[in-house]
Amino acid sequence: MFFSGFLFNFFSFLKESRREEKYNSNWYNICPSNDRFFEVELPDPNNRNRVCELMVKWYSKHAKQLLEKRLQDWLPQFIRRGAPEPELRFRRMQKRWGSCTKNNVIMLNTELVKAPLQCIDYVIVHELCHLVYPKHDTRFRSLLNRILPDWEKRKARLERVVI
Ligand SMILES: [Zn+2]
């Protein structure tokens, strides 16, 4: 199944959050059984479409939780530097990992959870820097260098991840 390629950081996160969930009054239970596979329990396990549908919803929900948590971990450093509180949105994008609008909306690609954690943090910190400096100018770069001195390595690694 196409979910087998996830990297370890996402699985570690998922293991902390395993529990029974309900969807449209039909119960189901999903939990990672090891670092590569999930177990899915539901009343009609032969309904493969239903299993896929549940996995997509469940994956997307947990991907958002992971990204939101990483953003919240980095945010205080930026608030201290005068950044406004951003609004976080998610979208599955083909070409971009993230963006930040002039209205302080940070958009993150949910596919980002397939990347190593250090790359996820790079994208998040980059977008958070835009809350302080909208353009890629020298002030932007010096802030990014201060907060994430090895950002270029992280960026290079991220470029090897296929969406
Ligand atoms: Zn940028």
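Read the figures in this text as sums done on the coordinates, not as results from a lab. Because the structure is a prediction, the values reported are computed rather than measured. Here Cβ is always computed from backbone atoms with ideal geometry, including for glycine, and neighbour counts include all displayed protein chains.
Observations on the structure shown:
- Ranked list, fewest to most other Cβ atoms within 10 Å of each Cβ, for Ile79, Ile147, Ile124: Ile79, Ile147, Ile124
- Taking θ as phi - 60° and the Karplus parameters 6.51, -1.76 and 1.60, the scalar couplings of the stretch 59-75 work out to 4, 5, 4, 6, 4, 4, 4, 5, 5, 4, 5, 4, 5, 5, 5, 8, 4 Hz in sequence order, x denoting glycine and proline.
- 3J(HN,Hα) from dihedral phi, the stretch 137-142, Karplus parametrisation 6.51/-1.76/1.60, rounded to Hz, x for glycine, proline: 9, 5, 5, 4, 4, 6
- Neighbourhood charge, 11 Å Cβ-Cβ cut-off, centred on Asp150 and excluding it, Lys, Arg +1 and Asp, Glu -1: +2
- Residue order, fewest to most surrounding Cβ atoms within 10 angstrom, among Val123, Val56: Val56, Val123
- Close amide H pairs (under 5 Å, H built 1.01 Å from N) link Val105 with Glu87, residues at least 5 positions away or on another chain.
- Given Lys57/Lys153; Lys61/Lys135; Lys102/Lys155; Lys69/Lys155; Lys61/Lys153, the pairs whose alpha carbons are separated by over 26 Å: Lys57/Lys153; Lys61/Lys135; Lys61/Lys153
- Ranked for footprinting exposure by Cβ neighbours inside 10 Å, fewest first, Thr110, Thr101 give Thr101, Thr110.
- Note that the stretch 94-104 has calculated 3J(HN,Hα) couplings of 7, 10, 10, 8, x, 7, 9, 8, 6, 8, 6 Hz, one per residue in order, obtained from phi through the Karplus relation 6.51 cos²θ - 1.76 cosθ + 1.60 (θ = phi - 60°); glycine and proline are x.
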